[in-house]
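See structure below.
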Amino acid sequence: MDDEGPISLADATCVLRRALFALVVGDVGALELFTEDVIGDSIVLCVRSRTELEYQLLDRAGALSNVEFDLDRVLMGAPDTVVASWRVAGVHTGEVLFNEDVFFAPTGRTIRVSMTTRVRFRQHRIAAFRTSYDGEDLLDQLRGGPSQPDGR
């Protein structure tokens, strides 16, 4: 892999497969895939450095079990920019803390989310990413979905 030129679609797909899965399961072993000054945004993740990302990953490690991950599509945009569509499912069996202030005890619920992530690479590492949900978001599922009319 030549780090000097623009990242190829094949290389971007390989990096994204590992990096996006790491964001879901809290795998700090994938931190080398991100630049030191990475910027990341989503409903459950806001980071402005690789150090902040490391703390966020540690806060979600072990939260899901029986994880199924599918990287559905990766499309190349401008040089070093890609858009990835992906899905994840897993059982919420461990504690999780999002953005240092939103805590969820294990619920035992099966969580299923579909997402789209726009990624900018620099020297074949992820320099910025922004994730949006393509349906019911993770927080709604962890909370148990919308309240029923009778308050449940």
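The values are calculated or read from the model by the stated rules, or taken from the named source; none is laboratory data. Everything numeric in this text was worked out from a predicted model, so none of it was measured. No Cβ is skipped: glycine too gets one built from the backbone with ideal geometry, and neighbour counts run over all protein chains shown. SASA here: full protein model, heavy atoms, side chains in, ligands and nucleic acids out. Shrake-Rupley method; radii C 1.70, N 1.55, O 1.52, S 1.80 Å.
With a 10 Å radius around each residue's Cβ, average the other Cβ atoms per peptide and rank 115-126, 75-86, highest first.
Going by the mean number of other Cβ atoms within 10 Å, highest first, we get 115-126, 75-86.
Given a 1.4 angstrom probe, I'd like the percentage of the accessible area of the chain that is carbon and sulfur, rounded to a whole number.
Roughly 50 percent, rounded to a whole number.
Determine ³J(HN,Hα), in whole Hz, for all residues of segment 132-138 in sequence, where each value follows from phi through the Karplus function 6.51 cos²θ - 1.76 cosθ + 1.60 and θ = phi - 60°; x replaces Gly and Pro.
10, 8, 9, x, 4, 8, 4
Net charge within 11 Å of A61 by Cβ-Cβ distance, Lys/Arg positive one each and Asp/Glu negative one each, not counting A61 itself?
Here the count lands on -3.
Which length gain, in nm to one decimal place, applies between L97 and R118 when the Cα-Cα distance is subtracted from 0.36 nm times their residue separation?
Answer, rounded to one decimal: 5.2 nm.
Pull out the extension gain between T107 and L75, defined as 0.36 nm times the separation in residues minus the alpha carbon to alpha carbon distance; nm, one decimal.
So the extension gain works out to 8.0 nm.
Leaving out ligands and nucleic acids, note down the accessible area per residue over the chain with a 1.4 angstrom probe, in whole Å².
It amounts to 53 Å² per residue over the chain.
Heavy atoms only, probe 1.4 angstrom, no DNA, RNA or ligands counted: give me Y133, Y55 ranked by accessible area, highest first.
Highest to lowest solvent-accessible surface, that is Y55, Y133.
Give the residues of segment 108-133 whose amide nitrogen is closer than 18 Å to a point set 7 Å from the Cα of E4 in the direction of its Cβ.
Residues passing the 18 Å test: 122-125.
Got the relative contact order for segment 1-143 handy, in percent, Cα pairs under 8 Å and 6 or more residues apart?
Answer for segment 1-143 is 24 percent.
Just to confirm a number: summing +1 for Lys and Arg and -1 for Asp and Glu over residues other than R120 whose beta-carbon lies under 13 angstrom from that of R120, what do you get?
+1
Quick one: which of 31-37, 17-23, 88-94 comes out on top by average Cβ neighbours within 10 Å, and what's the full order, highest first?
Highest-to-lowest ranking by the protection proxy: 17-23, 88-94, 31-37.
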